[in-house]
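Beneath this line is the structure, given in structure tokens, with notes to follow.
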Amino acid sequence: MAGQIGGFNEFGRIRRVALRRPEAAFQSPAKIVAEWQRLAYTEAPLMAEAAREYDRLEACLESVGATLDHLPADPSLTIDALYVRDAAIVAPGGLILCNMGKPARQGEPALHGKALGAAGIPILGRIEGAGRIEGGDLVWFDARCLAVGRGYRTNDEGIRQLQALVGPGVEVVTVPLPHYRGPGDVFHLMSILSPLDRDLLLVYSPLMPVPFREWLIARGMTLVEVPDAEFDSMGCNVLAIAPRHCVMLKGNPQTQARLRAAGCRVEVIAGREISAKGQGGPTCLTRPLLRD
Ligand SMILES: NC(=O)NCCC[C@H](N)C(=O)O
């Protein structure tokens, strides 16, 4: 396994990352038209523009030396398969295939397992039965500490299975999430938190549980706050591609300025097609497999 997956943090330089390009996730304009409303997109994404936006995301990843593992298309997938973070997580011992809280996305984890298993990555286990886990709810602080959001996409049984799979050497910290816009919305732990470095986090505090916020501060974290005006435009969804070097969505100038003031190098990408319409930012679009 050495050299294939690892890091178990959300800020180290990305060495290897799984992705599914828009051409493979959306498959055809007809599929987009058939699915976007049912999946609660705000509008139908445009394929050609999505591919151009995605090229820029890939260029950012390649600029830090990441190897890209492209996941294939499959007729059983929906267009939500663009958001590859959610279907699997990495753990010491191998990949854990999730069990999606959004029923329409149920087919995604097995296909992650098939493609990444064929690429030589060991599969540690699966979340099964009544258990639900989505990768956007999980944040590795270090190899011994994993925070998991308990919301509408991730349930108690999923967290129980997750703890059993990672074993007693990993402390799983459960973070209760607010109802906010309800079960039909996409709301993950990473909707309100993006790690930027070992001691630096981007957060949206108004939706953060007080005990968790206090816990972060007690661990020595400096918090950079996303302003109210930039929460809906996914100002809080920022992907660290290396420590204090990150990718964020255009249209969040205050957050961008605060990140720079905190010492971060910031890459800004357009995400109207790949992010805004389906509500998945740079973290959701990527499944880092190996970080420093
Ligand atoms: N980790 C994430 O926040 N993923 C975004 C997933 C968006 C997708 N439209 C969904 O509802 O699942």
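The values are calculated or read from the model by the stated rules, or taken from the named source; none is laboratory data. From a predicted model like this one, the values you see are computed outputs, not experimental measurements. For neighbour counting, all protein chains shown are included, and Cβ atoms are generated from backbone atoms with ideal geometry for every residue, glycine included. Remember, those area values only see protein heavy atoms, side chains included, never the ligands or the DNA or RNA. Shrake-Rupley method; radii C 1.70, N 1.55, O 1.52, S 1.80 Å.
Counting charges near residue 79 (Lys, Arg +1; Asp, Glu -1) among other residues having Cβ under 14 Å from its Cβ returns a value of -1.
In deg cm²/dmol and to the nearest 500, what is the mean residue ellipticity at 222 nm of the chain if only DSSP H runs of at least 4 residues count, each as -39500 (n - 2.57), divided by the residue total? Calculated mean residue ellipticity at 222 nm is -7000 deg cm²/dmol. Dividing the radius of gyration of the alpha carbons in the stretch 1-108 by their Kirkwood radius gives 0.98 for Rg/Rh. In terms of the mean number of neighbouring beta-carbon atoms within 10 Å, the peptides 269-281, 93-105, 69-81 order highest first as 269-281, 93-105, 69-81.
Note that the stretch 172-281 shows a convex hull volume over its alpha carbon atoms of 106 Å³ per residue. Using a 1.4 Å probe, what is the accessible area per residue for the chain, in Å²? Per residue, the chain has an accessible area of 38 Å². Under a model in which nothing but the beta-carbon of Lys, Arg (+1) and Asp, Glu (-1) is charged, the stretch 162-292 shows a dipole of about 260 debye around its Cα centre. Solvent-accessible area of the chain (1.4 angstrom probe, protein heavy atoms only): carbon and sulfur portion equals 53 percent. Using the Cβ-Cβ distance between residue 218 and residue 150 with R0 set to 22 Å, the FRET efficiency works out to roughly 0.60.
Relative to the Cα centre, the charge distribution of the chain, modelled as +1 at Lys and Arg Cβ and -1 at Asp and Glu Cβ, gives a dipole magnitude of about 280 debye. Roughly speaking, what % of Cα-Cα pairs in the chain are separated by over 34 Å, rounded to a whole number? It works out to 11 percent of all Cα pairs.
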